[in-house]
Each structure stands twice: as structure tokens, then as C-alpha cells.
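The values are calculated or read from the model by the stated rules, or taken from the named source; none is laboratory data. Note that the structure is a prediction, hence the values are computed from the model and not measured. As a convention, Cβ positions derive from the backbone with ideal geometry for all residues, glycine included, and neighbour counts pool all protein chains shown.
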Amino acid sequence: MHSAKNSPPAFQWEDWYTSLGGRTIRIAEVDQLLKDIKKHQYQRFKGEVSPIKKEFASKGEASEVVKKHGFEFGADEVGIAEIEPSDIYKGREIKEKYAIVVGQRMLWRKFQEVPSHDSAVECLRVYFSLGEVVIQLAEYIRSLGYACRVEHPIGDSNVLHIPLALKAGFGELGRHGSIIHPKMGPLFRLGSVITDMPLTIDHPIDAGIAAFCDKCKACRNFCPADAIPDERSPEAGKDHLGNDRYMVDTGKCFPYFAKHNYCSICLPVCVYQHKEWAKDFEGFKTKLFPEVNMEDPPPPSDPETAKHWYPKLKREQS
Ligand code: SF4
Ligand code: SF4
């Protein structure tokens, strides 16, 4: 899901969907996972802080220990960023100084056809499983004697995970509005734990990904809601490298994905998904390119603009 400046009300998912014109996704596993997040995870967002504070030799050592435990609990990436006012949802308040940002991969084998039952369930499976990682990490930090709060990937977040993850060195912002990680590509989800525990921060990276997006329009050409822009928008602010941002039109994207199994087309069609490291290695046969289901394909982009070679869209075959 792309970031929006206003946080949806806590756990009022149906109200939020209604504000977008309704949700037509009716998949039992999806509904069960949403219920499980609310029933089994929400009450574990808070907890007792140990009265005995563990002292570390340095902030660097504390950060290493926290990250190591994040990976042990199931994270695929962990980074630390300092929270700024622009990282906080409008109307929410944060006193904590740091966000420990946690990422977890979604499986490429579940995005062989998009949107689909499999891709929708995979999004929710990772929201739940990543929820467990941030909850366990928060419990661990409290056991060290430091207060902290869970910022759940879909539950009730006060912070914007995407700008925090960019500062924490997760990758670069793609044209599709999601972060592209140099190893995971764009198929992952984010959550955080926020705390005042003294920690060292990570730094943004420049791996040439944002520059590549200027020449590639694969996600733009495959977005059925026509929500991904042709150009960067100076009015959308700067990304962490000082580039004008690409502004995804959430007013077009959100209503589309609420009716089409969380859409997600822009993630598996992204060129950065097409690397050896991004495939499943556990013996599953996967395709190089997903099957893309679109009811209403967007208008083609300017044929004169340079863009990455891509398989033909279905609309061009008919
Ligand atoms: S409508 Fe689908 S392809 Fe377009 S931005 Fe939203 S999730 Fe991505
Ligand atoms: S598909 Fe291409 S333009 Fe879109 S985010 Fe990925 S690399 Fe960037």
C-alpha cells in the first residue's frame, strides 16, 4: 500500500474501505487474518517495561543487539531512523525519538498472477507475520528496561513507515511509490517499533534505483488505475536523494485495489523484481513475469519516451 498523510482510524478498516467506495474483496483467509490482527495482536502492542535497565557499552552496541534480535524474530531487514514531524500522521503525536524499522519479504511465488486470491492473501499473511516480529521486538526491548511502542504494518500506526525506511537505508523510492530494496526488490512490507532507547541511526542509500526509474515505465504502463505518473512532480516534495518525487494518485489507486484483491500489480511487474535474488529458492517453479489481470488498462504512455523493454500488454495483443 502506498503511504497517505492521514492515518485511517484504528482497526476501522471497513469504514476506510467505505470512504473509498467500498471493498469487494471477499476472501475468507483475508477476513480471518484481519480479525486475527485485531484479536490476537492489538492487546500486545503495549506491555510492562522491566525495572532493571540493561546498560550497553555504546549506542552502536545497543543498535547491533536490537537489530540481531529483529532478524532472529523473522525480519528480512532492520534499520534505525530518527523520527521527524513529517514522519508522523496528521493528528497523531509521537514523543519517541527513534524508529526501528522492520521489513519482511512477500513471496514471489504468490504473485505469479495479479491481482489474485493468492496475492491478496500473501499481503495479509505478511501483515500478520510482520506484526508478530514487531510485537516480539517490542517485548524484547521492554525486557531490557526501555519503553517502546509497536507501530503495526496495518493495525494502528502513528508513523509513516516509508519515509522512515528510506532514512533507515532500506532502498530508494520507486516510481510506483513503494521502496525498492537492493536485495528484496519492492515485494516487502514495513512495520516499526518506536523508542527513546539510545541508538545509532542508519543512513539513506543511493544504489542508482531512483535514476533507473526515470528511464523505466513498466509499473506506469501496467497500472490499471492510471495512478502512476509519467513525470516527477516538483509539488510532491523531494525524496531522500533530493529528487522531486513521483506522486502516485492514491485517489485512483486505493479505490481500485479495494475492489481488485489489493491490486499490487505494480510490485511484481517492477523491473527490480526480475533479479535472481528475488526469486524463490525453495524449489518452487516461478515465472519470469506475472500474469496481469486488468479490466480497464490505462492509456499507453508516450511511445517516444525511452523505457525498459517489456512483454506486451494484453490490450496490445487483442
Ligand atoms: S492501482 Fe494497482 S498498479 Fe496502480 S498504483 Fe495502485 S496497486 Fe499499483
Ligand atoms: S517498474 Fe520501473 S519505473 Fe516502476 S518502480 Fe520499478 S524500476 Fe521504477
Please indicate, with yes or no, whether at least one residue in segment 185-200 is of a type outside the set (A, V, I, L, M, F, W, C) and out of contact with any helix residue (DSSP H, G or I) (no Cβ under 9 Å at 6 or more places or on another chain).
yes
Give segment 6-49 a look and list any residue that's in contact with a helix residue (DSSP H, G or I) (Cβ under 8 Å, 6 or more places away or on another chain), modelled with pLDDT of 70 or more and in a helix (DSSP H, G or I), or say none.
29, 30, 33, 34, 36, 37, 41, 44
Neighbours by Cβ (under 6 Å, 6+ apart or cross-chain): first from segment 132-148, in a helix (DSSP H, G or I); second basic (Lys, Arg):
135/44
Run down 79, 60 and say which single residue is under 18 Å from the mean Cα position of the chain (by Cα) and at pLDDT 95 or above.
79
Of the residues 258, 227, only one is buried (at least 18 other Cβ atoms within 10 Å of the Cβ), in a helix (DSSP H, G or I) and within 19 Å of the chain's Cα centre (by Cα); which?
258
Is at least one residue of segment 76-99 on the phi > 0 side of the Ramachandran plot and not polar (S, T, N, Q)?
yes
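Each row is one residue, and each column tells you yes or no for (1) buried (at least 16 other Cβ atoms within 10 Å of the Cβ); (2) within 14 Å of ligand 1 (Cβ to nearest atom); (3) closer than 21 Å to residue 59 by Cβ.
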| residue | (1), (2), (3) |
| --- | --- |
| 180 | yes, yes, no |
| 184 | yes, no, no |
| 199 | yes, no, yes |
| 203 | no, no, yes |
| 210 | yes, no, no |
